[in-house]
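Below is one structure, written out as structure tokens; the observations come after it.
The values are calculated or read from the model by the stated rules, or taken from the named source; none is laboratory data. On a predicted model such as this, the values are computed, not experimentally measured, just so you know. Cβ atoms come from the backbone with ideal geometry, glycine included; neighbour counts cover every protein chain shown. Keep in mind that these areas ignore ligands, DNA and RNA; they rest on the heavy atoms of the full protein, side chains included. Shrake-Rupley method; radii C 1.70, N 1.55, O 1.52, S 1.80 Å.
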Amino acid sequence: MAAKKQQVDKTKKRKRIPGSNNEADKPSPSKVPKLAASKRPFPPKNKASGKPSKFIKKGPNVTDDKEKKAPLTARERRLHSKELAEARKKKRKRHYTLEQDLARLWEKMRRRDIAKEDKAKLVTEALQKMKGKITEIAGSHVSSRVLQTCVKHCSQAERDAVFEELCPHFITLSYNAYAVHLVKKMLDHASKKQLAGFISSLHGHVASLLRHMVGSVVVEHAYELATAAQKQELLLELCSTELRLFKNLVSVKEGRLVDVISKLGLQKGSVLRHMTSVIQPILEKGIVDHSITHRLLTEYISIADKSSVRDIMEQLSSPLLVRMIGTRDGAKLGILCVKHGSAKERKKIIKGMKGHMDKIAYHKNGCLVLVCIISVVDDTQLITKAIISELQRILKELILDKTGRCVLLQLLHPNCSRYFSPDDLASLNSYIPSLVEDRSEASTQDETSKVEEPCEKEREEDMEVTAEEAGKDKTSKVEEHSDKEAEEDMGVTADEANKDKTSKVDEQSDKEAGEDMEDEANKDKTSGEDSHLIESGKKDPIVRRQELLIESGLAESLIDICIENAGELIQSNFGKDVLYEVATGGCDGILHPALDDKINLLHKAIASLAATPKSEEEEHVLENFHSSRTIRKLVLDCPNFASTLWKKALKGKSEIWAHGHSCKVISAFVESSDAKIKELARNELQPLVDRGILRSQPKPLI
């Protein structure tokens, strides 16, 4: 069987003749595998399932290309990716290797334990490497930090060299987010001449820089470091095209824009159009953090018409205002927006301040805006929810703070010159001219429209009265003439002389009365103007204060804190004023009707402190500088407290406290204007007055 199979196979095989070019022997093109090299062999199928098996058996010489290329460990993978990143950075950054060298030097020079000489050497080495390339590498986040450190610690000659190299490129660098810090550092260490040169280089670019989020920081920094003349130069460039093109047109005396316009004869309309084109992009982008912008807005409001002012106020009456009230001009803008704004705008302003009340109350300028709000806004429920509720959480800290207490003192004693400086009161009384003029014109028109023309009967009566007066005048003149003739002919009798004296006295009194009437009229005019200029709400100020103090519960919690911390507050420089106002019941007796019992408890708490005996460890309340003067004022201004203090602390001990600072408290009982208080302490204090220990007359106020 095997032999037959071999024969059959031999017959089926075709004989091949070597060297023959038979076409039949060539394989057909359709049968030739085109992608035989690229195709991968199919994995063998599993006999049971018919699916390709997962594992392929490889021969000893077969290897995977992926296993050759991929790193074996995680560390090798990290190193490989780092090398690729370094290669990409070298292609992308021109001075990449230089930045790496500078970073290594920076790590050494910024250490705290390095000696000054070694640091100076490292700084010099870094500057030598950067020489001629500072402008190119200043925009890098690494190189800019190295340059700032070098400028801070280098010598003056090296700093001047860096300034000279950067001087032509300051404007370009001011737009870069990293280079701007280098520019600020250069200005901090610049001389007066260099600063003046930098400010002059800003000429023509101030408006464009203020519209840029990064560039505005440079202008603000230069404005803070500049002199008054340089500040005016930067500011006036934003006000007019003429002032932007030409320098040195105005002196420092013309500080206000109104004076500049009148001196140069500028057209008010063109100035307003130019300022509007500068201000609008700044407000739209929300770049309102800078003092130069606040000053520009205050000058604009002072000359703008009613519609322009309303547009600006509508844009500012938002959470943007919180970012502006940190400067003097920004706080003034906030006060004007509160005073002249509508109820809706005031509500937006107060809601925008929510969550920031503690920071605003502690700020020397921001607290004035809060003072204006509690003095003007009639919606006391909104103020209680948004402002009073937040301030009650930090009430003790506010009392002890110099600026934080101003909000409380405004409620207890409004617009007191003892607690507010003249500048603060001027800011609180500021106004917008265009809005006030419109309101005054409207009020005068209303008054004139209410005046009716006199009727014919009144005219006839007036004519009759004038005729009678004319007749009286004629008869009086004739009588005077006859009297004079009689006096010339015969001597003047004693009765007539007395009559002449009385007539002269009457004339003088009439003149004085006329002058007094004129003074009163002038006072009425000035008071009317002040009340007209100082914008306020429709609600009665006393009613508003009662709602904010008593109905909100602020006064009760304030008295409780004063009772608990009486010793600390009365001896502090700032807390004593709040304690004094609370103990006296506030201006106009605002606290007395409702909180008399609690105020009496406060009086007893202060008297109990004064009743404690002397000790060498702690300074006594009556001997402390601040507390002794506060107690003296309370004795002079509050009879209830004076009687409580005398009965509880000083009766029988006045001679002990008749020396030092405590002497002022004892002498206050002698100088008191209340007769009952004088009578209460007379028996014990009169011997001290007789012996010269106490003075009987009050000190003259100078």
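Lysine pairs in the stretch 529-620 whose alpha-carbon atoms fall under 26 angstrom of each other, counting only those eight or more residues apart or on distinct chains, come to 4. Per-residue surface analysis assigns Arg418 an accessible area of about 120 Å², computed on protein heavy atoms at 1.4 Å probe radius. List, in the order given, every pair from Lys285/Lys351; Lys263/Lys344; Lys91/Lys285; Lys339/Lys402; Lys339/Lys385 whose Cα-Cα distance in the structure shown is over 28 Å. Going by Cα-Cα distance, Lys263/Lys344; Lys91/Lys285 fall outside the 28 Å limit.
Remark: spin-label model distance Glu136-Lys82 equals 2.7 nm, labels positioned 7 Å along the Cα→Cβ axis. Across the stretch 318-330, coupling constants 3J(HN,Hα) worked out from phi with the 6.51/-1.76/1.60 Karplus curve, θ = phi - 60°, read 7, x, 4, 5, 5, 7, 9, 7, x, 10, 5, 5, x Hz, and Gly and Pro carry x.
Inter-part distance, the stretch 109-188 to the stretch 351-393, computed on C-alpha centroids, equals 44 Å. Of the residues Glu679, Glu165, Glu117, the one with the largest accessible area comes first in the ranking Glu117, Glu679, Glu165, computed with a 1.4 Å probe on protein heavy atoms. For the stretch 671-685, putting each phi into the Karplus relation 6.51 cos²θ - 1.76 cosθ + 1.60 with θ = phi - 60° gives couplings of 8, 5, 7, 8, 5, 5, 5, 4, 5, 5, 10, 5, 4, 8, 8 Hz, in residue order, rounded to whole numbers and with x for Gly and Pro.
Note on Phe170: accessible area is roughly 0 Å² with a 1.4 Å probe, heavy atoms of protein only.
Phi angles across the stretch 401-407 convert, under the Karplus curve 6.51 cos²θ - 1.76 cosθ + 1.60 with θ = phi - 60°, into 3J(HN,Hα) values of 9, 5, 8, x, 6, 4, 5 Hz, Gly and Pro given as x.
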